[in-house]
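The values are calculated or read from the model by the stated rules, or taken from the named source; none is laboratory data. Because the structure is a prediction, the values reported are computed rather than measured. Note: ideal-geometry Cβ built from the backbone for every residue, glycine included; neighbour counts use all protein chains shown. Only protein heavy atoms, including side chains, enter the accessible area calculation; ligands, DNA and RNA are left aside. Shrake-Rupley method; radii C 1.70, N 1.55, O 1.52, S 1.80 Å.
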Amino acid sequence: MSDKTPRSAGRIAVRPTLKPRELMTETPDIAGCWTAQIITLFPQVFPGVLGESLTGKALQEGLWQLQTYDLRTYGIGKHRNVDDTPAGGGAGMVLRPDVLEKAIMDARHRTKGVAPLVYLSPRGRRFDQAMARNWARMDGVTMLCGRFEGVDERVLQHFGIEEVSLGDFVLTGGEIAAQAMIDATVRLLPGVLGNAESAVEESFATGLLEHPQFTKPAEWQGRRIPEVLLSGNHAKIAEWRREMSERLTQERRPDLWQEQPKK
């Protein structure tokens with residue numbers, strides 16, 4: 001067991017609440033910490049992959065924190081019902097607005113500073129690196145993970161919830177999308193990446209795809225590392241990497257290439 005004091009020590013903020021103990025999350029608030037709030041039917045899947053590698057280390061060190069809100073605890077009746085049949089008929093079930101309201105209100109009550117309230121939805125604006133950078137500049141984000149046929153539209157309208165999509169495909173729920181978006185955002189927070197320059201040189205940082213990467217051995221399966229990368233000439237290396245990024249972007253993402261300023 002390590003004697004090292006975590007960075008979060010001394011920053012835990014305790015506030016009174018009227019919420020019953022059985023409905024409270026176990027995670028204490030860390031003052032001034034970027035916070036991801038997740039409203040979900042499956043809180044047990046968090047932190048998931050976010051608890052590993054750099055994001056997991058940053059979570060342990062208090063560089064960011066995670067709060068989950070189990071929708072089932074806000075359910076109606078002895079069976080804790082959270083959904084009902086679609087108005088007008090149709091397949092599937094829809095998450096109830098009265099259930100969602102209580103969960104959202106509890107989450108927002110604990111929100112500090114500026115944190116967008118978003119619903120993970122395939123019909124939303126597509127998530128990208130620019131959105132991740134914008135969220136990283138804020139104090140956190142509150143994410144509503146849908147299930148079944150989605151959520152009652154009135155909830156989105158009432159709370160002014162922004163819909164955000166991971167891509168042009170449909171998942172069974174928003175939890176996987178939430179973890180992907182949080183990962184993309186948390187890695188941009190100060191102190192999370194070991195080398196801050198990593199975030200500057202990677203794909204989308206400049207609107208271009210990242211250049212190819214190589215490492216030892218110098219030759220593998222008859223393929224050699226490009227000589228310029230072994231030359232020690234940093235100007236030539238930077239020029240080669242830029243050329244490769246431009247070529248890859250033109251070939252694979254012409255939409256991104258079109259947005260590049262003309263030379």
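Numbers for the structure displayed
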read-out	value
Solvent-accessible surface ranking, highest first, for Phe127, Phe159, Phe214 at 1.4 angstrom	Phe214, Phe159, Phe127
With at most 13 neighbouring Cβ atoms within 10 Å, loop GluC sites (Glu not before Pro) (DSSP) excluded, longest segment of the chain	53-196
(i) 0.91; (ii) 1.22; (iii) 1.13, with the label sought being that of the calculated Cα Rg over 2.2 N^0.38 Å	(ii)
Amide H partners (placed H, <5 Å) of Ser165, local residues excluded	Ser121, Gly124, Arg125, Arg126, Phe127
Size of electric dipole in the chain: Cβ of Lys, Arg +1 and of Asp, Glu -1, about Cα centre, debye, nearest 20	440
Kirkwood-type radius of the range 47-183, with distances r between different C-alpha atoms, in Å	16.0
Scattering profile of the range 218-263 at q = 0.20, 0.28, 0.31, 0.32 Å⁻¹ [log10 I(q)/I(0), Debye over alpha-carbon scatterers]	-0.76, -0.95, -1.02, -1.05
Nearest-ten-degree value, helix 234-252 long axis tilted from longest Cα axis of the chain	60
Expected-Rg normalisation [2.2 N^0.38 Å, Cα atoms] applied to the range 128-263	1.39
Unsatisfied cross-links (Cα-Cα over 28 Å) in the set Lys57/Lys78; Lys57/Lys236; Lys78/Lys102; Lys57/Lys102	Lys57/Lys78; Lys57/Lys236; Lys57/Lys102
Per-residue SASA entry for Thr206, accessible area with 1.4 Å probe, Å² rounded to 10	80
Under 5 Å, built H, 5+ apart or other chain: amide partners of Gln37	Gln67, Val141, Thr142, Met143
